[in-house]
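Engineer: Please find one structure pasted underneath; my questions will follow.
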Amino acid sequence: MEPFVEHEGLIATLDRANVDTDQIIPKQFLKSIVRTGFGENLFFDWRYRADGSPNPDFELNAPRFRGASILVTRNNFGCGSSREHAVWAVRQYGFRAVIAPRRGEGKNCVPAFADIFRNNAIKNGLLPIELSEEEVEFIFQAVARREGLRGRIWLADQTLELLDNPPRVFRFEIEPSAKETLLNGLDDIALTLAHEEAIAAFERRHDPQMCRRR
């Protein structure tokens, strides 16, 4: 998995809340037996008309967002089913980070990301950044005001800088284990191999006939 240390890229906005995984990558594209080729079908039902031509009314089809690698959206992104393909589609389209706001606290909390989507994102090198609603709204307004607005993310410092005039810096929180996973590019296999010596020691002590004696 590609490590995420720092990233600078064009910012695109998707002004929609509760974007579920079936909208991110519809079910008809889940039949593939490989993990590639999903990016072209990201947001398929919104991106394309019935005849297969691009939908000019869909935000990400705007020429100003071509080549964007930082996506800013609204609450509860990635809700719905637990398909990991949703994260693959977002990454393969070209996004390295998704920014969304958290609203409220406790029982009234509306999360920035669905838990399963967040976990899958971290395992696939996609950085989920949670900011306040006020901060996300500021970014939406800045992007609307200035075409070509870029952002720079430093994961070690947990900061996002809008390269505006003047620039604006936002700080975000992330779990230490998730931060280490992204910084070092560790997927589940790599995390397991980090304990290779302990696993090998256990196997040397383990009697392979143990299960057969029951």
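Engineer: Over segment 1-94, what is the relative contact order in percent, taking alpha-carbon pairs closer than 8 angstrom and at least six residues apart?
Structural biologist: Details: 138 pairs, mean separation 45.4, N = 94.
In percent, rounded to a whole number, it is 48.
Engineer: Now for a different question. Local charge sum around Asn55 (other residues, Cβ-Cβ under 11 Å, Lys/Arg +1, Asp/Glu -1)?
Structural biologist: Details: positive: Arg47, Arg49; negative: Asp45, Asp51, Asp57, Glu59.
Its environment carries a net charge of -2.
Engineer: For a Förster distance of 41 Å, can you work out the FRET efficiency between the beta-carbons of Arg152 and Ile33, rounded to the nearest 0.05?
Structural biologist: Details: r = 37 Å, r/R0 = 0.91.
E between Arg152 and Ile33, to the nearest 0.05, is 0.65.
Engineer: Using Cβ contacts closer than 10 Å as the measure, can you line up Lys107, Lys27 from fewest to most? Walk me through the numbers on the way to the answer.
Structural biologist: Details: Lys107 5, Lys27 11.
Result, fewest neighbours first: Lys107, Lys27.
Engineer: What does the charge count around Gly148 come to, taking other residues whose C-beta lies under 12 Å from its C-beta (Lys +1, Arg +1, Asp -1, Glu -1)?
Structural biologist: Details: positive: Arg64, Arg66, Arg145, Arg146, Arg150; negative: Glu147, Asp164.
So the environment of Gly148 carries a net charge of +3.
Engineer: Taking H as built 1.01 Å from N, whose amide H comes closer than 5 Å to the amide H of Phe4, not counting residues under 5 places away?
Structural biologist: Amide H neighbours of Phe4, under 5 Å, 5+ apart: Leu183, Asn184, Gly185.
Engineer: In Å³ and rounded to a whole number, note down the convex hull volume per residue for the Cα atoms of the chain.
Structural biologist: It is 167 Å³ per residue.
Engineer: Lys and Arg at +1, Asp and Glu at -1: add these up for the other residues within a Cβ distance under 15 Å of Ser69 and post the number.
Structural biologist: +2
Engineer: If R₀ is 41 angstrom, what is the calculated FRET efficiency for the pair Leu183 and Arg103, using the beta carbon separation as r and rounding to 0.05?
Structural biologist: Numbers: r = 28 Å, r/R0 = 0.69.
My answer for the efficiency is 0.90.
Engineer: Let me ask you something else. Say a site is exposed when it is one of the GluC sites (Glu not before Pro), sits in a DSSP loop, and has at most 15 other Cβ atoms within 10 Å; what is then the longest site-free stretch of the chain?
Structural biologist: Numbers: sites that count: Glu105, Glu147, Glu173.
Within the chain, the longest run free of exposed GluC sites (Glu not before Pro) spans 1-104.
Engineer: Sort Leu14, Leu183 by Cβ crowding within 10 Å, fewest neighbours at the top.
Structural biologist: Details: Leu14 20, Leu183 14.
By the 10 Å Cβ count, ascending, the order reads Leu183, Leu14.
Engineer: Whole Å is fine, so just give me how far the alpha carbon centre of segment 28-52 lies from that of segment 88-107.
Structural biologist: Value for the Cα centre distance between the two parts: 19 Å.
Engineer: Also, quick follow-up: Once the piece of chain linking Asp20 and Asp57 is laid out straight, how much longer is it, given 0.36 nm per residue of separation minus the C-alpha distance between them? Before the final figure, lay out each step's value.
Structural biologist: Details: separation 37, 0.36 × 37 = 13.32 nm, distance 1.95 nm.
Using 0.36 nm per residue and subtracting the Cα-Cα distance, I get 11.4 nm.
Engineer: In addition: Going by amide H atoms built from the backbone, whose H comes under 5 Å of the H on Ile129, apart from near neighbours?
Structural biologist: Those lying under 5 Å, H to H, from Ile129 are Val98, Ile99, Ala100.
Engineer: Taking H as built 1.01 Å from N, whose amide H comes closer than 5 Å to the amide H of Thr13, not counting residues under 5 places away?
Structural biologist: Here Val72 satisfy the definition.
Engineer: Using θ = phi - 60° and the Karplus form 6.51 cos²θ - 1.76 cosθ + 1.60, what ³J(HN,Hα) does each residue of segment 44-56 get, whole Hz, x for Gly and Pro?
Structural biologist: Once θ is set to phi - 60°, the couplings for segment 44-56 become 3, 5, 8, 6, 10, 7, 4, 7, x, 7, x, 7, x Hz.
Engineer: What's the exposure ranking of Cys79, Cys109, going from fewest to most Cβ atoms within 10 Å?
Structural biologist: Working: Cys79 20, Cys109 11.
Lowest count first: Cys109, Cys79.
Bear in mind these aren't lab numbers, they're just calculated from the coordinates by the rules spelled out. For clarity, every value in this text was computed on a predicted model and none was experimentally measured. Positions of Cβ are generated from backbone atoms using ideal geometry, with glycine treated the same way; all protein chains shown enter the neighbour counts.
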